[in-house]
Amino acid sequence: MAGDAGRKEEEISKVKIRSKTHVKPGKIIGRKECQLVTFDLPYLAFYYNQKLLFYKGGEFEEQVEKLKDGLRVILEEFYQLGGKLGKDEEGVFRVEYDDDMEGVEVLEAIADGLTVDQLAADESTSSFKDLIPYNGVLNLTGLHRPPLSVQLTKLKDGLAMGCAFNHAILDGTSTWHFMSSWAQICRGSNSIAAPPFLERTKARTTRVKLELSFPPNPVASSNVHTDQAPQLREKFFRFSEAAIDKIKSKVNSNQPSAASKPFSTFQSLAVHIWQHVTQARCLKPEDYTVFTVFADCRKRVDPPMPDSYFGNLIQAIFTVTAAGLLLANPSDFGASVIQKAIEAHNAKAIEERNKEWEAAPKIFEFKDAGVNCVAVGSSPRFKVYDVDFGWGKPEGVRSGSNNRFDGMVYLYQGKSGGRSIDVEITLEAGTMKLLEKDKEFLMQ
């Protein structure tokens, strides 16, 4: 295994960038400005959000031309991704677009010693870095670079598509709306299912002035390991439909009361991960552990926003308990803690959070999710395996190495279909070793 990993690292290190071009909308758009709102601003000090999709087969040059042609069309609707971050005369951040801007950055690369199956292995993203642009690049640098960079890499038997999105401009829902729309155009559609809703100020109008400067080294990698920093590992776990049903059934078998609302698939899987990661961390009973979920607020705000709202409309929901309580109780205890926190995050709570933040803005860093945390991003509701550009569904979808810390979890629609869910987890190496041996966690 170690030899295989070493060979994979060696092959990926042979990624060669062949060219860099820019793609702009196919029609004249004119000058456009759109204020960033309270939901966007906390993410300025996150890193670019990275996604990697890989596909088998196809003629690389033809694929690249098809993708660029489709990008020109789709940017007519999603033109903000071809613009840049800016500030107005009062210091309020905004997305700016003008026809003379460069547009989306497209890199073409080759790694013809690397196969799709190597990328699909369970040991995940630290070795993918050279396939995705903007490693360790802060969203704030979007003042000087495009909100989207795409790297198309020719593999031995397919194509890797690495995308870096400015997280201050869009969240996961908007990211996958864009990706599926781009794919729809590439498959030959004349229009997309749902144009983006670009009026961010319909969700929040407050103008927040921020004085932000770059940290001493803004392009330091988000997971550089110093002697003091723990060694992190990423791992991909696949939960079949049967395993998900079993987890959900177990959590719901001991409900607190007859009147209790059943726990959702998300809540059931979340507490399963939270408990087993906490156990693998070997915490003391009195140690606190935090569960964080980045929740979509489109239907929670008043008035509700459409699913096609383009921007960030997420907020982090935190809940905390003692490790001893979480582990000594049946799983419905932790599920109840998560359920109550999520249900309490209604329009009133969102409004209060926004007002509190606007009164004293705090720019999050990607690792601010809490002590001994399990933080969940992405969602199995995103139809990542429907992103078919005309040469079939992706063989795999991964998150890049940006915005990772001990306890970060990404959930994806399962590759095996149905109700299956793929779980990408980053943990300290010692904790991961214990989790990998935990048969109850793995549902074996």
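What the table shows:
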item	result
Among residues of the stretch 335-390, those that are part of a loop (DSSP other than H, G, I, E, B), under 30 Å from L67 (Cα atoms) and β-branched (V, I, T), counted	1
Selection status of Y43, open to solvent by less than 10 Å² (accessible area, probe 1.4 Å) and either farther than 28 Å from R187 by Cβ or assigned to a loop (DSSP other than H, G, I, E, B) (or both)	yes
Among the residues listed as G57, G113, the single one being open to solvent by 10 Å² or more (accessible area, probe 1.4 Å), farther than 17 Å from V150 by Cβ and in contact with a helix residue (DSSP H, G or I) (Cβ under 6 Å, 6 or more places away or on another chain)	G113
Residue within the stretch 188-201 that is touching a residue at least 60 places away in the same chain (Cβ under 8 Å), among the hydroxyl-bearing types (S, T, Y) and surrounded by fewer than 23 Cβ atoms within 10 Å (Cβ to Cβ) present	yes
Extreme residue, most open to solvent (accessible area, probe 1.4 Å), among residues of the stretch 271-319 that are touching a strand residue (DSSP E or B) at 6+ places or on another chain (Cβ under 9 Å) and free of Cβ contacts under 8 Å to residues at least 40 places away in the same chain	E286
Tally of residues being in a loop (DSSP other than H, G, I, E, B) and in contact with a strand residue (DSSP E or B) (Cβ under 6 Å, 6 or more places away or on another chain) across the stretch 421-444	0
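The values are calculated or read from the model by the stated rules, or taken from the named source; none is laboratory data. Values in this document were obtained by computation on a predicted structure and should not be read as measured data. No Cβ is skipped: glycine too gets one built from the backbone with ideal geometry, and neighbour counts run over all protein chains shown. Note: areas computed on protein heavy atoms with side chains; ligands, DNA, RNA excluded. Shrake-Rupley method; radii C 1.70, N 1.55, O 1.52, S 1.80 Å.
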